[in-house]
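This report refers to the structure that appears directly beneath it.
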Amino acid sequence: MRRLSFSGFAWGLLVYNLAVIVWGAFVRASFSGDGCGAHWPNCGAAVLPNLQHRPMLIEFVHRASSGLVLVLAGILFVWALKRYPRNHPVRLAALGVWLFTVSEAILGAILVLYKLVAHNPSIYRAAAISLHLTNTFLLLAALTLTAWWAAGNPFVRLSRQGALGSALLLGAVATLILGVSGAITALGDMLFPAATFLQGLHDDLSPTAHFLVRLRLFHPLIATSVGLYLVLVSGLASHLRPSENSRLFARLMGVAFVAEMALGIVNYFLRAPVWMQLVHLLFADAVWIILVLVSASALADNALQVETIPSEPEFERQRAELGAATWRDYVALTKPRVISLLLFTTIAAMFIAKPDFVSHGSWHGVALLIVVGIGGYMAAGAANAINMVIDRDIDGLMKRTSRRPTVTQQIPSTTALWFSFGLAGGSFALLWSAANLLTAMLALAGLVFYVIVYTMLLKRRTWHNIVIGGAAGAFPPLVGWAAVTGNLSVLAWYLFAIIFVWTPVHFWALALLLKDDYASVGIPMLPVVRGERATVIQIGAYAVLTALVSLLPFFVRHEVGLFYLIGALALNGALLLQSLRLYQKIERPRASSLFHYSMLYLALLFLVMAVDRAIHA
């Protein structure tokens, strides 16, 4: 009962801290940071401040509530000293609460004494609030762990956590960076408000704008990138270290990410009103707390180490026969044959978006083409490698996948994860440095969609898996487009839509060939759960839809010319004919023919569009 009381006190202190943080943001947003002048800890020169002055009242309430945090943190620490033995994790976490509370007060004093408040737009203020935000997040982490462990949950084991441990640590660092960018963005919104949405967008893009204004443009991209990564690593944590808690917090992370992104969009379009800034900050703190709980659950002493499967005798025999892993085995992890078509649509989209980006002997254009190709391959390869780790149980039961290196354990699952994280991180850094942040974010989005939405959420649950999850394969043209333009136009989204509706035609033709394999492991692909005739009907419907969508660029916005129209009509005619032949007689040769033609169809369609755009450039 006493332990529960301590845990309840810690949880209550966490909630109270969140309220103090939100009020502190209100102090900043209402320009009340200098309400007490340059005096600290007194509010003004007098012992009792004039609380009829609104900024002074707001600042005084913040100081008083923050002072109470200092007292409560001290009580928590003393209580932990009496309750838990030396070096106990709860005692260490409570010590962290006390230390970060003290440093929080010191940082607040620095802001006041050096007048880094109210209308101060200096880089020193940006640096100070960044440090303040980081300290706040660390305080919340210490409080969360204190309450979590005090409630009787298992402690974190720091050693031998493998790739997942490093991935979660990277997620924590990335979230801190995101928080800093959010704090700077909020400061820019406060000091340089825009009269209208369009005026704000113009200011963000102006090279002569104040640095706080120009930095605002990066926050949405950083937020999306970090959010996608957190969803990815939380999903992997729930799969590789399955427990009731890890699954719960992984789901909460997904919900929090969607909610935070929606709030961010609303905040941007409403030009950051004070109330929305406060709600946005509260959800950002919630995301951080959820990440701490995901990590505490996945890295706990009793977490199941699924990625380090004990080697069975059969695996040992296969590994002895195959020998040490070679570079070819690592290439096989990336599924190069699958990536080739994705890579082609990426490169073709670059020429569709900007036909002359490599003309006139431009080495920059050639270098960009090569780097985007490499970065795109790395991102797709990382997704495929993670897919092999997740699906190694069913891959070992299917004939066509039974010799994959993750199945034979020629490349252990932990090593495969390290390899995939390295590819993903390298891809993001390469695409950001050579192209732009939007390009890197889109490549990461495709990776996350494939791993989380398709592989983990849909593949083993519904025959709609490829209809929804197939969107992952539609990201490559967006990556190519963004690399040469820095934005996404309507035509870029047409390219996305073409691949999205084409994917069921392509994949279900293959699924007809692999029906028995999928049925043997219980994967609910359409031919398995609805039969071959229903699958062929769906293929025909999506073939018609693909043909219609592929013609939209000509008939709706006239983005392409007659050369593309003629080529698209011919290619679509052949696609519909192949689908009709399969409908007339369902047999393996015709399904195989449609599958192979569908790949040729997509490649030629993108090629024809690229040539057409070059003709009319």
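The values are calculated or read from the model by the stated rules, or taken from the named source; none is laboratory data. Model, not experiment: these values are computed from the prediction. Cβ sites come from the backbone with ideal geometry, for glycine too, and all protein chains shown count toward neighbours. For the accessible areas, the whole protein counts, side chains as well, though only heavy atoms, and no ligand, DNA or RNA atoms are used. Shrake-Rupley method; radii C 1.70, N 1.55, O 1.52, S 1.80 Å.
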- [ ] Taking the Cβ of residue 591 as the centre, find all other residues whose Cβ is under 11 Å away and add up their charges (Lys, Arg: +1; Asp, Glu: -1).
- [x] +3
Open item on the list: At 1.4 Å probe radius, can you tell me the per residue accessible area of region 324-482 in Å²?
Closed with: 37
- [ ] First measure r as the distance between the Cβ atoms of residue 541 and residue 119, then evaluate 1/(1 + (r/R0)^6) with R0 = 60 Å and state the FRET efficiency to the nearest 0.05.
- [x] 0.50
TODO: Would you please classify the overall shape of region 138-191 from the alpha carbon gyration tensor, given that a ≥ b ≥ c denote the square roots of the eigenvalues, rounded means a/c under 1.5, and beyond that prolate means a/b larger than b/c while oblate covers the rest?
DONE: oblate
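Express in nm, to one decimal, how much length is gained between residue 555 and residue 95 on full extension, taking 0.36 nm for each residue of separation and deducting their alpha carbon distance.
Separation in residues times 0.36 nm, less the Cα-Cα distance, equals 158.9 nm.
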Task: Overall dimensions of region 460-584 by Cα: Rg and Dmax, Å - done: 16.2, 48
Task: Charge dipole (the chain, unit charges on Cβ, about Cα centre) - positive-most of 8, 166, 451 - done: 8
TODO: Order the peptides 450-462, 9-21 from the highest to the lowest mean number of other Cβ atoms within 10 Å of their residues.
DONE: 450-462, 9-21
Task: Radius of gyration, Dmax [the chain; alpha carbons; angstrom] - done: 27.8, 92
Task: Within-13-Å neighbourhood charge of residue 190 [Cβ basis; K, R +1; D, E -1] - done: +3
Task: Solvent-accessible area, 1.4 Å probe, carbon plus sulfur percent, for the chain - done: 69
Task: Theoretical ellipticity at 222 nm over the chain - DSSP helices of four or more residues, -39500 (n - 2.57) apiece, nearest 500 - done: -25000 deg cm²/dmol
Open item on the list: Take the residue pairs 335/515; 459/585; 399/515 and return only those whose Cα atoms are more than 18 Å apart.
Closed with: 335/515; 459/585
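Given charges of +1 on the Cβ of Lys and Arg and -1 on the Cβ of Asp and Glu, with all other atoms neutral, how large is the dipole of the chain about its Cα centre, in debye to the nearest 20?
I would put it at about 820 debye.
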TODO: Normalise the Debye intensity by I(0) for region 334-377, one equal point scatterer per Cα, no solvent, then take log10 at q = 0.27, 0.34 Å⁻¹ and round to two decimals.
DONE: -0.95, -1.19
Task: Options 562, 368, 603, ranked by Cα towards positive dipole end of the chain, top entry (Cβ charges) - done: 603
